[in-house]
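Peer 1: I am attaching a structure below and will ask some questions about it afterwards.
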Protein chains: 2
Amino acid sequence: MTKVVIVGAGFGGLSAMNALAENLDIEITVIDKHNFATFQPLLYQVATAGLNPGDVAFPIRTLLRRQKRVNFRQGLICEINENENTISLLDGEKVPYDYLILAMGATTNYFGVPGAADYSQAIYTLDEALAVRNKVFSMFEWAASHGVKDFNLTTVVVGGGATGVEMAGALAELKLRALQTDYPALDPAAARVVLLEAQDRLLTAFSPELSKYASAELKSRGVEVRLNTAVKAVSPNGAELADGEKIEANLVIWSAGVGISKEISALGLPQLRNGRIEVGEDTRVKGSHNIFCIGDLAGTSDSDGTLIPQLAQPAIQTGAHAAKMVVALTKGRPTSAFVYRDKGTMATIGRNAAVAELSGGLKLTGNLAWIAWLALHLMTLLGVRNRLSVLLNWSWHYISWGRGPRVILGG
Amino acid sequence: MTKVVIVGAGFGGLSAMNALAENLDIEITVIDKHNFATFQPLLYQVATAGLNPGDVAFPIRTLLRRQKRVNFRQGLICEINENENTISLLDGEKVPYDYLILAMGATTNYFGVPGAADYSQAIYTLDEALAVRNKVFSMFEWAASHGVKDFNLTTVVVGGGATGVEMAGALAELKLRALQTDYPALDPAAARVVLLEAQDRLLTAFSPELSKYASAELKSRGVEVRLNTAVKAVSPNGAELADGEKIEANLVIWSAGVGISKEISALGLPQLRNGRIEVGEDTRVKGSHNIFCIGDLAGTSDSDGTLIPQLAQPAIQTGAHAAKMVVALTKGRPTSAFVYRDKGTMATIGRNAAVAELSGGLKLTGNLAWIAWLALHLMTLLGVRNRLSVLLNWSWHYISWGRGPRVILGG
């Protein structure tokens with residue numbers, strides 16, 4: 001039996017696992033620090049109380065149930081011992097491999113902005129999304145309980161990519177609806193949502209006309225969109241801009257970009273300047289014959305030499321390719337180059353508004369894009385129960401104009 | 001406007017609020033330490049990953065939305081200033097009242113058993129239930145990851161009342177199904193579930209024949225039921241019995257009874273020996289003319305002088321009575337005595353098995369009792385969305401033989 005170890009059960013790792021699981025002579029061990037897979041694209045809805053945490057988390061063991069030769073192990077990788085083909089986990093155990101597929105993903109990148117790591121909130125993990133939800137509603141509760149009508153409830157969202165746009169849109173809806181209905185004592189005007197983007201347009205991964213549409217939609221929903229606006233520092237009181245202006249805010253959401261964690265750099269693999277692991281055309285780590293790297297973590301290039309985006313689709317495709325390469329190697333066949341097929345990308349702005357840019361140049365906005373977004377995300381979610389639950393929450397949300405599960409859990 | 005302050009948004013407090021809300025000349029302030037109401041009867045299902053936390057939590061402000069003269073304030077009461085008719089909250093604010101209704105409920109009672117408070121887990125709050133879930137699955141993950149086939153996965157449940165019986169039954173099902181399907185590497189025999197009851201039968205609030213049925217059903221599902229078995233101490237390694245026997249266990253669930261918290265004793269109200277607040281026939285606190293006490297917190301007597309049970313039904317009834325008394329007093333009318341109407345009680349054991357004892361002596365067991373239990377709890381849940389979500393989870397659970405949201409959240 002060939003032993004394949006997959007580290008990370010995100011889109012990439014699970015895609016590799018699925019592609020490998022059919023092979024009778026391959027035994028797979030999946031390792032993840034959580035016992036569940038997180039559906040990251042919907043975390044911003046957990047953060048804004050549109051969905052419950054359980055809706056976007058799927059138990060990994062339930063996934064593996066039908067796979068006979070797949071094991072799961074909860075743990076954190078801390079060392080790769082290439083000379084003996086094992087990895088070490090934080091709890092001291094060693095796991096042997098014939099082929100290793102690294103798919104630990106990326107983490108929030110604060111780009112060294114002072115205070116950003118300490119005083120802003122990321123929404124890259126389920127815990128982080130839940131923390132944001134708790135913070136938003138604790139802030140509303142505090143202001144309402146103390147009768148501070150002019151209390152500053154401003155939220156600053158840093159970064160106008162898909163995550164930032166989706167978060168700002170959801171916050172604007174929350175502010176409109178939740179304040180109106182649940183906190184009538186508070187002044188919605190005090191609950192500003194400010195979206196900051198360093199470049200000259202939002203959603204730079206999309207065509208300029210879609211950026212323009214997103215900007216206009218966000219503004220019509222009450223979001224203050226500020227382009228060409230870089231953040232110099234974050235403090236407990238808000239964000240300071242490059243030109244010295246200070247925006248007082250009770251909450252700063254950091255969605256300016258992703259990077260590679262220190263723990264991964266400590267593994268000693270070759271890294272590009274942006275931290276992503278250097279890989280060859282066949283998705284193998286540079287200089288290694290049996291270690292693959294996929295998904296957000298990998299510095300995989302498109303055929304024109306540019307790095308492919310750190311999104312679900314590329315992760316799924318690189319995962320499947322790495323799996324194919326492992327099979328090829330076990331059969332003594334040569335590896336082949338990964339070819340990225342861009343299927344397009346989507347971002348939602350809010351109720352009845354989204355943008356989608358599909359391969360072939362088809363561009364959608366408004367209601368149609370929104371419905372396409374809903375359908376695609378519902379289909380990609382893991383597990384029938386989660387799909388039904390999300391569908392229920394979304395329908396409820398739509399009909400009731402945004403009555404979400406606004407509970408402050410924990411702490 | 002008459003100011004009524006209700007502290008605690010459980011069954012009792014919300015019942016009082018609903019009964020008062022129709023009165024045009026009464027302004028209500030509801031105070032709770034959480035911003036959501038917890039549906040306690042289903043917490044054991046959150047603990048055993050049958051339901052998600054959000055399913056049993058309902059945002060209080062969403063409840064109040066249609067009530068014009070009801071305010072909510074998140075906070076903890078720490079002092080009652082009877083001379084000036086105000087209460088002080090922990091954050092330093094004072095809230096004035098004309099009438100005060102105390103409905104803070106009870107807490108877990110460890111009866112002074114050494115180690116119990118430190119080394120056993122209660123399932124009385126949402127956070128506690130989630131902590132139990134995390135502990136159960138972390139224990140399974142740990143054992144599975146380390147390949148310790150004979151790892152001790154025993155859970156001891158202390159107390160054979162309704163909560164203990166429901167918890168033991170759910171754990172037994174979890175063990176049967178989850179270990180079989182999600183953790184095939186673990187030995188189900190090592191995952192004992194031991195239910196300890198100090199008295200000579202389970203469910204002492206029910207008829208002996210129902211106790212016998214519950215015992216037999218639990219045993220047939222693999223629970224070790226031990227009657228006449230008192231716990232002397234709890235340690236990190238398990239429970240020590242009165243006769244010196246030690247049961248090695250990785251998890252001890254404490255469901256032996258409820259008591260009144262120290263924080264409430266510090267309020268200086270007259271208390272019975274069991275800690276419950278002394279109240280008169282009209283549910284007013286002994287010696288006070290404008291402070292009421294209801295629900296689990298109140299030492300309310302039945303017409304025959306025995307204390308009424310600390311359950312949802314009595315809380316709802318005392319809450320409604322206190323509200324009626326407040327209205328009577330504002331109109332200069334005399335108060336009247338509370339009369340408890342015992343509608344019966346229910347407990348579920350597991351799939352297709354429950355016991356119900358209704359007023360009038362009707363006793364149900366098995367499938368019929370189980371369906372009655374499901375229907376009643378579904379109907380009493382707050383909020384249409386929560387009801388649909390629980391219904392979805394239950395149906396899913398039933399069809400899929402127990403695939404629950406087995407995710408370890410947080411920490």
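No value in this document is a laboratory result; all are computed from the given coordinates. Computed from a predicted model, the values in this text were never measured in an experiment. Cβ coordinates were reconstructed from backbone atoms using ideal geometry, including for glycine residues, and neighbour counts include every protein chain displayed.
Peer 1: Given the options A:318, B:100, A:126, identify the residue whose Cα lies farthest towards the positive end of the charge dipole of the protein assembly as shown (+1 on Cβ of Lys, Arg; -1 on Cβ of Asp, Glu).
Peer 2: A:318
Peer 1: So if I take the centroid of the Cα atoms in segment A:143-219 and the same for segment A:8-72, what is the distance between those two points in Å?
Peer 2: Each part reduced to its Cα centre gives a spacing of 32 Å.
Peer 1: Based on Cβ point charges of +1 for Lys and Arg and -1 for Asp and Glu, what charge dipole magnitude is obtained for segment A:210-346 about its Cα centre, in debye rounded to the nearest 20? Please list the in-between numbers first.
Peer 2: Details: 16 positive and 14 negative charges, 89 e Å.
Magnitude of the dipole: close to 420 debye.
Peer 1: Among A:86, B:163, what is the fewest-to-most ranking by other Cβ atoms within 10 Å?
Peer 2: Values: A:86 16, B:163 24.
Sorted ascending by nearby Cβ count, the order is A:86, B:163.
Peer 1: Using 0.36 nm per residue of separation minus the Cα-Cα distance, give me the extension gain between residue B:272 and residue B:243 in nm, one decimal.
Peer 2: Numbers: separation 29, 0.36 × 29 = 10.44 nm, distance 3.10 nm.
Full-extension gain reported as 7.3 nm.
Peer 1: Another question, if that's okay. Excluding the sites themselves, what is the longest stretch of chain B that contains no GluC sites (Glu not before Pro) in a DSSP loop with at most 11 other C-beta atoms within 10 Å?
Peer 2: Details: sites that count: B:22, B:84, B:245.
Excluding the exposed sites themselves, the longest stretch runs over B:246-411.
Peer 1: Right, another one. Between A:378, A:347, B:202, whose Cα lies farthest towards the positive end of the dipole of the protein assembly as shown when Lys and Arg beta carbons carry +1 and Asp and Glu beta carbons carry -1, centred on the Cα centre?
Peer 2: The residue sitting most towards the positive pole is A:378.
Peer 1: If you don't mind, another one. With +1 on each Lys and Arg Cβ and -1 on each Asp and Glu Cβ, and nothing else charged, work out how big the dipole of chain A is about its Cα centre, in Debye to the nearest 20. Numbers along the way, then the final one.
Peer 2: Values: 38 positive and 38 negative charges, 210 e Å.
Dipole magnitude for chain A comes out near 1000 debye.
Peer 1: What list of ³J(HN,Hα) couplings, whole Hz, do you get for segment B:254-261 from phi and the Karplus terms 6.51, -1.76, 1.60, once you set θ to phi - 60° and write x for glycine and proline?
Peer 2: Whole-Hz 3J(HN,Hα) from phi for segment B:254-261: 9, 9, 8, x, 10, x, 10, 6.
Peer 1: Another question, if that's okay. Under unit Cβ charges (Lys, Arg +1; Asp, Glu -1), what dipole magnitude, rounded to 20 debye, does the protein assembly as shown have relative to its Cα centre? Walk me through the numbers on the way to the answer.
Peer 2: Working: 76 positive and 76 negative charges, 358 e Å.
Roughly 1720 debye, rounded to the nearest 20.
Peer 1: Next up: In nm to one decimal, list the spacings between the residue A:288 label point and its equivalents in the other copies, with label points set 7 Å along Cα to Cβ, shortest first.
Peer 2: Ordered by distance, the counterparts are at 6.6 nm.
Peer 1: Pull out a ≥ b ≥ c, the square roots of the eigenvalues of the alpha-carbon gyration tensor of chain A, then state rounded if a/c is under 1.5, prolate if not and a/b is larger than b/c, and oblate in the remaining case.
Peer 2: On the way: a/c = 1.80, a/b = 1.74, b/c = 1.03.
Taking the square roots of the gyration eigenvalues as a ≥ b ≥ c, chain A is prolate.
Peer 1: In addition: For segment A:344-401, what class follows from the C-alpha gyration tensor (a ≥ b ≥ c being the square roots of its eigenvalues): rounded when a/c is under 1.5, otherwise prolate if a/b is larger than b/c, else oblate?
Peer 2: Details: a/c = 3.66, a/b = 1.45, b/c = 2.52.
It is oblate, given that a/c is not under 1.5 and a/b is not larger than b/c.
Peer 1: Ok, one more. Which of the three applies to the protein assembly as shown, rounded, prolate or oblate, going by the alpha-carbon gyration tensor with a ≥ b ≥ c and a/c under 1.5 meaning rounded? Before the final figure, lay out the partial values.
Peer 2: Numbers: a/c = 2.26, a/b = 1.35, b/c = 1.67.
Note, shape of the protein assembly as shown comes out oblate.
Peer 1: Inter-copy label distances at residue B:91, 7 Å along the Cα→beta-carbon direction, one decimal in nm, shortest first?
Peer 2: Between copies, matching label points for residue B:91 lie 4.1 nm apart.
Peer 1: Now, a different point. For chain B, list the DSSP H helices whose alpha carbon atoms reach 15 Å or more along the long axis and whose average Kyte-Doolittle value is 1.0 or above?
Peer 2: Values: long enough: B:126-145 (28 Å, 0.29); B:162-182 (28 Å, 0.27); B:208-220 (18 Å, -0.68); B:312-330 (27 Å, 0.63); B:366-380 (21 Å, 1.16); B:384-399 (22 Å, 0.03).
Qualifying helices: B:366-380.
Peer 1: Please enumerate, by chain and number, the lysines with C-alpha under 28 Å from the C-alpha of residue A:343, excluding those fewer than 8 residues away in the same chain.
Peer 2: Within reach: A:212, A:286, A:324, A:363.
Peer 1: Near residue B:135, which lysines are there with a Cα under 22 Å away, not counting those fewer than 8 places off in the same chain?
Peer 2: Within the straight-line cut-off, residue B:135 pairs with A:33, B:149, B:175, B:246.
Peer 1: For a quick check: sort A:267, A:20, A:126 by the number of other beta carbons within 10 angstrom, fewest at the front.
Peer 2: Least crowded to most crowded, the residues run A:267, A:126, A:20.
Peer 1: When the helices in chain A are scored as -39500 (n - 2.57) per DSSP H run of 4 or longer and the sum is shared across all residues, what 222 nm value do you end up with, to the nearest 500 deg cm²/dmol? List each step's numbers first, then the result.
Peer 2: Working: 11 runs with 132 residues, N = 411.
The helix-only estimate for chain A comes to -10000 deg cm²/dmol at 222 nm.
Peer 1: Tell me the distances, shortest first, between residue B:302 and the same position across the other copies, using label points 7 Å along Cα→Cβ, in nm to one decimal.
Peer 2: For residue B:302, the inter-copy label distances come out at 7.6 nm.
Peer 1: Between residue B:146 and residue A:263, what FRET efficiency follows from the Cβ-Cβ distance if R0 is 22 Å, with the result rounded to 0.05?
Peer 2: Numbers: r = 22 Å, r/R0 = 0.99.
E between residue B:146 and residue A:263, to the nearest 0.05, is 0.50.
Peer 1: Could you point to the residue in B:4, A:265, A:244 farthest towards the positive end of the protein assembly as shown's charge dipole, with +1 and -1 charges on the Cβ of Lys/Arg and Asp/Glu respectively?
Peer 2: B:4
Peer 1: Long-range amide H contacts for residue B:282: which residues qualify at under 5 Å (H placed 1.01 Å from N, peptide plane, sequence gap of 5 or more or a different chain)?
Peer 2: B:338
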